[in-house]
Amino acid sequence: MHNFITVIAVIFCLWIGRSLFIPILIAAFLWYLINAITAYYRRIMPCYKTTDDSCQIYSRVYNFVALFLSFVTLFCVVFLFATQVKPMLIELYHATPILQQRLISFSHFISNKIGIETDLNLIPNLPHIAGYIGSSVAGVAASTGMVIIYLIFMFIEQNSFARKINSLDLPKVRAKKLNYILSSIDENMKKYLFTKTFISAATGLSSYVLLKIIGLEYASVWGFILFLLNYIPTIGSIIACALPIAYALISHDTWQVPLFTTISLIGVQTIFGNILDPKLMGKTLNISSLAILINLVFWGMLWGPAGMFFSVPILATVYISTAQFKSTRWIATLLSADGSIPDETNND
């Protein structure tokens, strides 16, 4: 009974404190992502992991350049969204009432063809859904200042993390083991976030180019949505593909655009999601689809769209963390797709 009350209390604190936790989570995500991009930029530069004294002199300069390039990369993405995607999102939002009427007309057309009457209450209310998503995004955007402050302090403090761990009053062997576990979690999360971002960006860009060639309206918006929702495996891809396909169906009288849109998006998802993603991710994560679905619903109920977006990184953190301790490896086993989990690090 005590454990049940504790769980309920934690869930209530997560819900009531969402305005505090979400900005911290966004800042942590950006911090991990920038560090991951920086690490990969650093790998293609000279003097990477060298003991040569003459080369180490320039190592700090290369590190700074890599960090600068990662910020430039992030700025370019934000600039592209602000100048290209955001205006189209606003235009699409204002067009939702017209799309709602076309959706109703399309449902009537399908009903007449198959001879089954359609219940209008079952048709999604597009203006209401768009308004809910817009208000949620606006709420997150309102905390941009706090996100930037958290992000700055994370970069200031990141070089002292290891020293703080070493300063804990722990036996030498346990401190060494703890450092190894934290570095392992950090490395796996950076690899996951960078790889997922790369795959999502490639998916969104390829979809944008194909939809632009096909002639579907708001191609950049659909590409951006595909980029974002691809952070959610399987479910996110299905939703991201369904939106432009549904739009093509209800906004075009001919069959060519919906057909080519469907073929193009399914082809892109097959190449990047089913072929490249597993190869690039390797054995970094091995999480059950059922666990992802339950986790997605849980965080969506707590924090809305922001919770759904970060549900997989949160689950990945829990999965990687619990796999490193004997007392919690059973949790990682339940979360895994096939029962095989990362080996427990052991520096004893």
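The values are calculated or read from the model by the stated rules, or taken from the named source; none is laboratory data. Fair warning: this is a prediction, and the values are worked out from it, not measured in the lab. Positions of Cβ are generated from backbone atoms using ideal geometry, with glycine treated the same way; all protein chains shown enter the neighbour counts. Accessible surface is based on the protein model in full, side chains and every heavy atom, while ligands, DNA and RNA are left aside. Shrake-Rupley method; radii C 1.70, N 1.55, O 1.52, S 1.80 Å.
Things worth noting here:
- Above-threshold pairs, the threshold being 26 Å between Cα atoms, out of Lys113/Lys212; Lys164/Lys190; Lys164/Lys196: Lys113/Lys212; Lys164/Lys196
- Rounded D (µm²/s) - the range 194-254, Kirkwood Rh over Cα pairs, Stokes-Einstein at 37 °C, 0.692 mPa s: 284
- For Ile287, the residues 5 or more places off, or on other chains, whose built amide H falls under 5 Å of its own are Ala337.
- Sequentially through the range 269-277, phi angles give Karplus couplings (6.51, -1.76, 1.60; θ = phi - 60°) of 5, 5, 5, 7, x, 9, 10, 6, 4 Hz, Gly and Pro residues having no value and appearing as x.
- Heavy-atom accessible area order for Met189, Met308, Met154, largest first, 1.4 Å probe: Met308, Met154, Met189
- Ordering of 93-100, 213-220 by burial proxy (mean other Cβ atoms within 10 Å per residue, highest first): 213-220, 93-100
- Karplus 3J(HN,Hα) series, Hz, for the range 97-105 with 6.51 cos²θ - 1.76 cosθ + 1.60 (x for Gly, Pro): x, 5, 5, 4, 5, 5, 5, 5, 5
- Once all protein chains are placed together, Arg174 keeps about 150 Å² accessible to a 1.4 angstrom probe.
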